[in-house]
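First up is the structure itself, then whatever we jot down about it.
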Amino acid sequence: MDRKPKILLIDDDIDFVQATSKVLESKSWEILVAFNGEEGLQKARKERPDLVLLDIMMPVKDGFLVAEEFGKDQSLSKIPVLALTSFSDPLGQPFPFEVSEYIRKPVRPKELLAKVEKYLGETDSQT
Amino acid sequence: MRFLLLLIGVCVWLWFAFGPNPVLRSGFFHEGFAVMLLIMVGSVARPFTGGNEAEWIRYLEELVRSERDRVMAILNSMEEGVVIIDLDRKIRFMNPSMVREFGDGVGLHCYRHLRGLDEPCGEICRLPNVIRGKNERWEYIFPDGRTYDVIGSPFADLDQVPCMLATFRNITQRKQAEIELVKLNQLKSDLLSQKTRELEEISREVAKLEEQERRFVRFLRVVAHDLQSPLAATQTCLWDILDGYCGKITDEQRDMLERSSRRIDGLSTLIGDLLDIPRIEAGQIVHEMKETSLSEVIERSVDELSNLAKEKGITLKVELPQSLPRIHGSSIRLQQVVRNLISNAIKYSREGTVLVRATEDEGDLRVEVIDSGIGILPEDLPLLFTDFFRGKNVETRGTGLGLSISKRIVEAHGGRIWAESPCPETGKGSKFSFTLPKVAGPQDSSVNQNRPEPRLSK
């Protein structure tokens, strides 16, 4: 991959975004952040990230709806989406879309990086 | 004389056969014919009997009288009332049963005697029709409720006056039973519609309660999220510092931060557990259930805890049969149960092996977690699955809710959970088992690790 991989982090909790970005920035990745689902979708369409970290419980447009639109949009549907959920999110209910993986918040930096690298590696090998 | 007797015989027969009395007439083939035959036989046989004629006549008179007595006896013993009413609506005859019902009214007008009227009944009177030769049947209902089934037939009395012969059968009881039945049916349908209304009321109440429950579950979800979010952010910040993303820290700082991190982890678990209980009790699990692979549930739980086991130097062993039937359940919740059992096994062992095993018997699937740890005190065993219970032989870590939540989850799946200590097979540590009912369906052959499935990790 010639250019720096772009990672889009969509989460409404500014402190969590701050702390998580710090971990992701330790790698040579470009980190984009969005604080709600709508903003996240706009950034995704404009910037074409290589991977999305998506919070599920957000006001205005929650992670379910964002992921659904990712699935519908031809240009976005190939992008791996890792869903971030807090412990008590309703994980058991069937979702109307497929995300690549669910990550439970909070996640230890080492584990988060491993997951992100795993999916970046997969898209690398595909392109 | 012989001729005279023959003549009498024929006359008697004719009187029986064609005479005015319909009761006798109806039986003329029996009685009339028999009498005539007797007279005729008597007349023919007389020369050989040698008796005198006066004796014969007395004998025949006796025969006719006995025949009349018999007819009267029939009328007297009839259950039905019999009445003869003539053209002028005067009662000519009443049998005892009729007298019993209405009192003796022979010689009185029928409308006066039977109905207490001063004039004939008018249009409803059937007498004219009957006298004209028709048979009629109708019901008399008296104001006091007595009801009669009446059959009227034309009849010519001995003086050839056209009359009506009527039988009165008292059907008051039957009628009242019919009325009671109608009332009863009305009552039944009233009751039915009342019960239907009550049922509708109840189902409205149920719908209202279900809506309240849905709102409650939504409320809990928001509460859980709003309590967990600040903890997740704080924990992430602490891990950033602990894992060196914010520069170097001293050992003392690390120690303090690790303490904070542990407490936040505990608080987060407690909040999750506390909010899980009402959600499980509100029947939330049922909505999460679908066809699920138990092998996958176990393998994922083991995956999640393999690091913890490694850190403590404990071997985590899994024994799964080649194939297990699929189950109907919530994989997330079942994973919570298996994870809870394995992490307890690891937590309360200092070394050795933790074995996770799944087996299948006739109706159930069984999951067992066996450890060689400190075991459970006998007095603690019955309380193990109650809320906030902590064993007396363990230091007070954990929320005391893990096992009680596991019990709720297993029971919501129609299964059973229990503990044994020491483990009956190894004689040490403890053994936790739970069952799940099987679903009829294809076997779940060994798990395909490459299948892309949403999964959870810590």
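The values are calculated or read from the model by the stated rules, or taken from the named source; none is laboratory data. Treat the numbers as computed from the prediction; the structure is a model and nothing was measured. A quick note on method: Cβ atoms are made from the backbone with ideal geometry, for glycine too, and the neighbour counts reach across all protein chains shown. Areas reflect the complete protein model, heavy atoms only, side chains present, ligands, DNA and RNA absent. Shrake-Rupley method; radii C 1.70, N 1.55, O 1.52, S 1.80 Å.
A compact table of results
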quantity	calculated
In the stretch B:401-440, the residues that are farther than 26 Å from B:Ile271 by Cα, outside any strand (DSSP E or B) and among the β-branched types (Val, Ile, Thr)	B:Thr426, B:Val439
Test: residue in the stretch B:96-106 that is touching a Pro at 6+ places or on another chain (Cβ under 9 Å), touching a residue at least 12 places away in the same chain (Cβ under 8 Å) and within 23 Å of B:Val161 (Cβ to Cβ)	no
From the options B:Ile241, B:Ile264, residue that is closer than 24 Å to B:Thr399 by Cβ and surrounded by 10 or more Cβ atoms within 10 Å (Cβ to Cβ)	B:Ile264
Residue count for the stretch B:49-66, restricted to those that are β-branched (Val, Ile, Thr) and either at pLDDT 80 or above or exposed (fewer than 10 other Cβ atoms within 10 Å of the Cβ) (or both)	2
Listing of strands (runs of 3 or more DSSP E) fully contained in the stretch A:1-109 that carry 1 or more residues being among the polar types (S, T, N, Q) and at pLDDT below 90	A:81-85
Residue within the stretch B:246-253 that is within 14 Å of chain A (Cβ to nearest Cβ), assigned to a helix (DSSP H, G or I), of a type outside the set (S, T, N, Q) and in contact with a helix residue (DSSP H, G or I) (Cβ under 9 Å, 6 or more places away or on another chain) present	no
Strands (runs of 3 or more DSSP E) completely within the stretch B:274-360 that count 3 or more residues being away from chain A (no Cβ under 14 Å)	B:315-319, B:323-325, B:353-360
Search result, residues across the stretch B:160-208 that are out of contact with any strand residue (DSSP E or B) (no Cβ under 9 Å at 6 or more places or on another chain) and outside any helix (DSSP H, G or I)	B:Gln160
Selection within the stretch A:1-18 - away from chain B (no Cβ under 14 Å) and open to solvent by 10 Å² or more (accessible area, probe 1.4 Å)	A:Met1, A:Asp2, A:Arg3, A:Lys4, A:Pro5, A:Lys6
Checking B:Glu178 against (1) in contact (Cβ under 8 Å) with a residue 24 or more places away in the chain; (2) surrounded by 11 or more Cβ atoms within 10 Å (Cβ to Cβ), the condition it does not meet	(1)
Residue in the stretch B:193-215 that is open to solvent by 60 Å² or more (accessible area, probe 1.4 Å) and within 14 Å of another protein chain (Cβ to nearest Cβ) present	yes
Test for B:Gln194: is it over 56 Å from the mean Cα position of the chain (by Cα) and either without any contact (Cβ under 8 Å) to a residue 24 or more places away in the chain or closer than 24 Å to B:Ala73 by Cα (or both)	no
Single residue of B:Gly81, B:Gly103 found to be loosely packed, with under 13 Cβ neighbours inside 10 Å, modelled with pLDDT of 90 or more and closer than 18 Å to B:Phe142 by Cβ	B:Gly103
B:Ser261 in a helix (DSSP H, G or I), modelled with pLDDT under 95, more than 50 Å from the chain's Cα centre (by Cα) and of a type in the set (Ser, Thr, Tyr)	yes
Selection within the stretch B:367-409 - in contact with a strand residue (DSSP E or B) (Cβ under 9 Å, 6 or more places away or on another chain), touching a residue at least 40 places away in the same chain (Cβ under 8 Å) and open to solvent by 60 Å² or more (accessible area, probe 1.4 Å)	B:Ile374
Residue in the stretch B:168-175 that is open to solvent by 40 Å² or more (accessible area, probe 1.4 Å) and over 30 Å from B:Pro128 (Cβ atoms) present	yes
Residue ID - nearest to B:Lys428 (Cα to Cα), chosen from residues in the stretch B:348-367 that are among the basic types (Lys, Arg) and at pLDDT 90 or above	B:Arg357
Qualifying positions in the stretch B:127-159 - touching a strand residue (DSSP E or B) at 6+ places or on another chain (Cβ under 6 Å), of a type in the set (A, V, I, L, M) and open to solvent by 70 Å² or more (accessible area, probe 1.4 Å)	B:Ile141
Complete set of residues in the stretch B:410-434 that are in contact with a Leu (Cβ under 7 Å, 6 or more places away or on another chain) and either exposed (fewer than 13 other Cβ atoms within 10 Å of the Cβ) or modelled with pLDDT of 90 or more (or both)	B:His413, B:Gly415, B:Ala419, B:Phe432
Residue that is least open to solvent (accessible area, probe 1.4 Å), among those in the stretch B:223-235 that are over 15 Å from A:Ile14 (Cα atoms) and more than 8 Å from every other protein chain (Cβ to nearest Cβ)	B:Val223
Residue list for the stretch A:19-35, restricted to those being surrounded by fewer than 19 Cβ atoms within 10 Å (Cβ to Cβ) and facing chain B (nearest Cβ under 8 Å)	A:Lys22, A:Ser26
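So that you can scan it fast, the table gives a plain yes or no per residue for (1) surrounded by 12 or more Cβ atoms within 10 Å (Cβ to Cβ); (2) at pLDDT 90 or above; (3) over 19 Å from B:Leu7 (Cα atoms):
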residue: B:Phe29; (1), (2), (3): no, no, no
residue: B:Ile39; (1), (2), (3): yes, no, no
residue: B:Ile85; (1), (2), (3): yes, yes, yes
residue: B:Cys110; (1), (2), (3): yes, yes, yes
